Amino acid sequence: MSVGVEISANFGMTTKSTGTGRGREMDAERLGGVIDILFQFLGNLLYNPEKAKLRPDELPEAFQPFGKGLLFFAQKLNEMRNFAGELSRGNLGVKLPPTDNEFAAPLKNLHASLKHLTWQTQQVAKGDYSQRVDFMGDFSDAFNAMIRLLDERYHALTEEIENGRQKTRALEQNIDLFKAITDRISQWIIVLDRDTGTPLFSNNAMAAIMEKDSALAMELFAWMRRNFSRGVMDSATHEEVELEAGSRTWYLSVAKYQLVWLNHPAAVFSMTDVSEEHRYIEELRSVAEQDALTQVNSRHFGMRTLHEWVKNHYEFCICFVDMDFLKYVNDTFGHQAGDDYITSVARLLSSFSRDVMVNRLGGDEFMLLQRDWDAARAEARMRELAKELGREDREQGTPYARSISYGVVYVPTDNSIPASDLLSQADEKMYLFKRQNKKNRGVESCPIRPTGMVKAGETENTAG
């Protein structure tokens, strides 16, 4: 059987013999041409649809129903092809093929599944992690595993968020309590963001001082920012701070802490104004270290310095000075005259050198400490001062002669004698000097100087 006869048989068509051999050959040729047209149409339909053209009315009458059937087939195939193309591009809004297109039925089912899967995904995006897919094999397994993991993470995150909210509420309550407490205390308290230095909180006392004294506020912020730049906020610290603001010096006791303030790394500065206390301490120190009458150093300061110099093995001289006849002046001329006598001697001794340390030990006794001098130089200078005191008497016409006795001790760098013993040696030398002077004068009372008659060094009355 020929190909044409086979196709005709398959489509329910029969061919009649024309009777003659030549006629049969012509029918076979015509049948072969039809078959070529149909095969070309099918080939284009599969591989080049734009060129798939077929006109059934141009086919032999017996093939026209078959040609119409092929066109119907081509229409359904193109509908399925276009539908599949839109699905492949994710266009689930594509119009479905007609219901008579049985070729597209599986794709329609896939379309319906994809639309349902899209809806499920949207539900998952809204937080519904109960969705499951059971119709897409390995994809279903992967999708369902992903949903279970999202569900676990969602619950863990929800729990963490709730814990965070509870902590935030507790922190806010603590901060409210902190604010309430700090607004009722006198210390200046400020909280700064550690990253930017921006104020996060200041109590009423701090806000008031910043509003009242802008110069101090500027110095405070500059000092606090310097603390950040030096990286000194790694732990709680405390220090005394001196700030110059305008014409005033402030002394502050500052405690510094680090904490987290509403999720910000922060630093707390708690400041107490101790300026008045500092001034009071300075006054006490001045009282302790300075003699109120003469304004030279006190006994306390002098003895401390003497011990330090001995301990540090300095080379120096000790001059122990005693005022002669102070009791007589007090008893005869009054204590104001005695005070004048004391202050004049203190002033004279302060001219010993530019760097001498003059200390009043009490009453009529002074101690001079002089670095890097030997005994001969110190004794020579003391003689000059004693003569200077006589010249002042002559010029000022004091009613009594003023004089001093002194003892000098040289202390080398290799000294091993205690400070108290060195002072005792200077004291002994001073008394030797005093006794020798009395012996030389041959008198026991303070010389009284009648106005315009008594010369320096002359005596009339002395008292022991």
message: So, in the stretch 239-271, how many residues would count as being surrounded by fewer than 16 Cβ atoms within 10 Å (Cβ to Cβ) and over 20 Å from the mean Cα position of the chain (by Cα)?
response: 7
query: Being surrounded by 17 or more Cβ atoms within 10 Å (Cβ to Cβ) and either touching a helix residue (DSSP H, G or I) at 6+ places or on another chain (Cβ under 9 Å) or within 26 Å of ILE37 (Cβ to Cβ) (or both), is that true of even one residue in the stretch 85-94?
result: no
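In the stretch 287-308, how many residues are under 43 Å from the mean Cα position of the chain (by Cα) and either outside the structural domain of ASN359 (by TED's automatic domain parsing) or not aromatic (Phe, Trp, Tyr) (or both)? Give the steps one after another, and end with the answer.
First pass over the stretch 287-308, keeping only residues under 43 Å from the mean Cα position of the chain (by Cα): 287-289, 301, 304-305, 308.
Applying the additional criterion that residues be either outside the structural domain of ASN359 (by TED's automatic domain parsing) or not aromatic (Phe, Trp, Tyr) (or both) yields 287-289, 304-305, 308.
Of the residues in that region, 6 qualify.
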field: Number of the exception - GLY69 against (1) over 60 Å from the mean Cα position of the chain (by Cα); (2) within 24 Å of PHE135 (Cα to Cα); (3) of a type outside the set (A, V, I, L, M, F, W, C)
entry: (2)
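On the given criteria, is SER403 at pLDDT below 95 and polar (S, T, N, Q)? Give the steps one after another, and end with the answer.
On the way: at pLDDT below 95: yes; polar (S, T, N, Q): yes.
The answer is yes for SER403.
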message: Of the residues LEU87, LEU92, only one is under 60 Å from the mean Cα position of the chain (by Cα) and not in a helix (DSSP H, G or I); which?
response: LEU92
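Please count how many residues of the stretch 417-428 are outside any loop (DSSP other than H, G, I, E, B) and either of a type outside the set (Ser, Thr, Tyr) or under 20 Å from ARG381 (Cα atoms) (or both). Spell out how you get there, then give the answer.
From the stretch 417-428, those outside any loop (DSSP other than H, G, I, E, B) are 419-428; that's our starting set.
Now drop any that are not either of a type outside the set (Ser, Thr, Tyr) or under 20 Å from ARG381 (Cα atoms) (or both), which leaves 419, 421-423, 425-428.
Residues meeting the conditions: 8.
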Qualifying residue in the stretch 121-129 (condition: touching a residue at least 12 places away in the same chain (Cβ under 8 Å), touching a helix residue (DSSP H, G or I) at 6+ places or on another chain (Cβ under 6 Å), assigned to a loop (DSSP other than H, G, I, E, B) and farther than 30 Å from GLY32 by Cβ): yes
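How many residues are under 18 Å from TYR406 (Cβ atoms), aromatic (Phe, Trp, Tyr) and modelled with pLDDT under 95 if we restrict to the stretch 316-332? Full working, then the answer.
So in the stretch 316-332, the residues under 18 Å from TYR406 (Cβ atoms) come out as 316-326.
With aromatic (Phe, Trp, Tyr) added as a condition, the list becomes 316, 320, 325.
Cutting the leftovers down to modelled with pLDDT under 95 gives us 325.
Total satisfying the criteria: 1.
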query: Is it the case that the stretch 282-303 has a residue that's under 30 Å from LEU361 (Cβ atoms), among the small types (Gly, Ala, Ser) and touching a strand residue (DSSP E or B) at 6+ places or on another chain (Cβ under 7 Å)?
result: yes
field: Those residues of the stretch 26-58 which are assigned to a loop (DSSP other than H, G, I, E, B) and in contact with a Leu (Cβ under 8 Å, 6 or more places away or on another chain), in sequence order
entry: ALA52, LEU54
message: Among the residues in the stretch 340-355, are any over 29 Å from VAL287 (Cα atoms), out of contact with any His (no Cβ under 6 Å at 6 or more places or on another chain) and in contact (Cβ under 8 Å) with a residue 40 or more places away in the chain?
response: no
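Quick check on the stretch 378-410: of everything there that is charged (D, E, K, R) and touching a residue at least 12 places away in the same chain (Cβ under 8 Å), which residue is surrounded by the most Cβ atoms within 10 Å (Cβ to Cβ)?
Within the stretch 378-410, the subset charged (D, E, K, R) is 379, 381, 383-384, 387-388, 391-395, 402.
Okay, now just the ones that are also touching a residue at least 12 places away in the same chain (Cβ under 8 Å), so 379, 381, 388, 391-394, 402.
Numbers: GLU379: 19, ARG381: 20, GLU388: 12, ARG391: 10, GLU392: 15, ASP393: 22, ARG394: 14, ARG402: 25.
Selected residue: ARG402.
Pick out the one residue from HIS335, HIS313 that is within 20 Å of ILE404 (Cβ to Cβ), out of contact with any helix residue (DSSP H, G or I) (no Cβ under 8 Å at 6 or more places or on another chain) and exposed (fewer than 15 other Cβ atoms within 10 Å of the Cβ). Talk me through it step by step, then tell me what you get.
Values: HIS313 fails: within 20 Å of ILE404 (Cβ to Cβ).
Only one candidate qualifies: HIS335.
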query: Is it the case that the stretch 255-275 has a residue that's part of a helix (DSSP H, G or I), out of contact with any helix residue (DSSP H, G or I) (no Cβ under 6 Å at 6 or more places or on another chain) and charged (D, E, K, R)?
result: no
message: Filter the stretch 155-178 down to the residues that are over 14 Å from ASN263 (Cα atoms) and either touching a His at 6+ places or on another chain (Cβ under 8 Å) or among the hydroxyl-bearing types (Ser, Thr, Tyr) (or both) and list them by number.
response: THR158
task: Return the residue satisfying two criteria in turn: it lies in the stretch 179-226 and is without any contact (Cβ under 8 Å) to a residue 12 or more places away in the chain and within 15 Å of LEU262 (Cβ to Cβ), and of such residues it is surrounded by the most Cβ atoms within 10 Å (Cβ to Cβ).
output: PRO199
The one condition in (1) at pLDDT 85 or above; (2) closer than 30 Å to ASN174 by Cβ that ARG226 fails to fulfil: (1)
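The values are calculated or read from the model by the stated rules, or taken from the named source; none is laboratory data. Just so it is clear, the structure is predicted and the values come from calculations on it, not from any experiment. Methodologically, a virtual Cβ is constructed for each residue, glycine included, from the backbone with ideal geometry; neighbour enumeration extends over all protein chains shown.
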